[in-house]
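First the structure, which I've put down as structure tokens, then a few questions once you've had a look.
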Amino acid sequence: MIINYGDSLSHYGVLGMKWGVRRYQNKDGTLTEAGKRRRNRSLGIRNESGSINTRKDAFKLPKGTTLHRSTYNPKEDNKGHAFATFKSKDAKGYASRNRIFSEGKITYDMTMKAKEVLVSPSKRERIDTFVNLMLTDPEFAKAYQAQKAMYQLFKKPGKQQEVEQNVKKLEREYAIFAPLLGGSEPLRQRYFSELSKKGYNMIIDDADAAVISNSPVIIFDRQKSLEVVRVNKVNREYLRKLGKEGKKDVAMAI
């Protein structure tokens, strides 16, 4: 049997496709809104506004980003690590909370600028780094065991548990490790040092993220990474002003 299709032109595409019209680009080559959403998905950006899940994804903050830190000491030394936040809503939350629980002390909001690009690892990288240190660095493991024992003694006397040195158990152990970072300089130094070797200079503070605020961060070296711009006494008027700061999300997926 011979089938003669004759002279014909066939074109296969997608529903709604038009000749000479690109689906994701404008005539000048710029992306359409659908194109931007498609690009964001390929980059790991989670929604149409361009914001990402900073608690899970690796991200960076551009040089010049404004950060805030709530403190009781307006002249604190700009050295070592710094707990801070880059979201005005979080900054207002910390300032308000510290003011309520200040027991009469004056609370200050420290406004800082990033002197360099700030880069944070993904949660997977944060966990993997912790697990690797526990398995390969006896001093780190010993320091963690001691800090965890103190924590358990305070929280649940008589229910102290040893840390099991296997990957699956250690991955779950990270949930306990994150809150302990704030109270142990040896743990911080070793952990931050290991992450610094991988090109990071900041992490999401997993002890507070999604608990007290959305995206709290810990800057490894505040003297190198941050510049203090101003320090304001926290009162109702300042809190209103802080709440009106720009809501643009500066975090970028990497």
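Tell me which residues, restricted to the stretch 229-251, are among the hydrophobic types (A, V, I, L, M, F, W, C) and either in a helix (DSSP H, G or I) or buried (at least 16 other Cβ atoms within 10 Å of the Cβ) (or both). Before the answer, list the steps.
Applying the first criterion (among the hydrophobic types (A, V, I, L, M, F, W, C)) to the stretch 229-251 yields 229, 231, 234, 239, 242, 250-251.
Those that are among the hydrophobic types (A, V, I, L, M, F, W, C) and either in a helix (DSSP H, G or I) or buried (at least 16 other Cβ atoms within 10 Å of the Cβ) (or both): VAL231, VAL234, LEU239, LEU242, VAL250, ALA251.
Looking only at residues in the stretch 107-144 that are of a type in the set (Gly, Ala, Ser) and assigned to a strand (DSSP E or B), which one is farthest from ASN201 (Cα to Cα)?
Among those that are of a type in the set (Gly, Ala, Ser) and assigned to a strand (DSSP E or B), it is ALA114.
Report every pair of residues separated by at least 6 positions or lying on different chains whose Cβ atoms are under 6 Å apart, first residue within the stretch 125-148 and modelled with pLDDT of 95 or more, second in a helix (DSSP H, G or I) and among the hydroxyl-bearing types (Ser, Thr, Tyr).
ILE127/TYR174; PHE130/TYR174
Taking the stated definitions as given, is LEU187 touching a Lys or Arg at 6+ places or on another chain (Cβ under 6 Å) and assigned to a helix (DSSP H, G or I)?
no
Right, another one. Failed condition for GLU194, given (1) crowded, with 19+ Cβ neighbours inside 10 Å; (2) charged (D, E, K, R); (3) in a helix (DSSP H, G or I), with all others met?
(1) is the only condition that GLU194 fails.
The values are calculated or read from the model by the stated rules, or taken from the named source; none is laboratory data. Since this is a predicted model, take the numbers as computed values, not measurements. Every residue, glycine among them, receives a Cβ derived from its backbone with ideal geometry; neighbour counts consider all protein chains shown.
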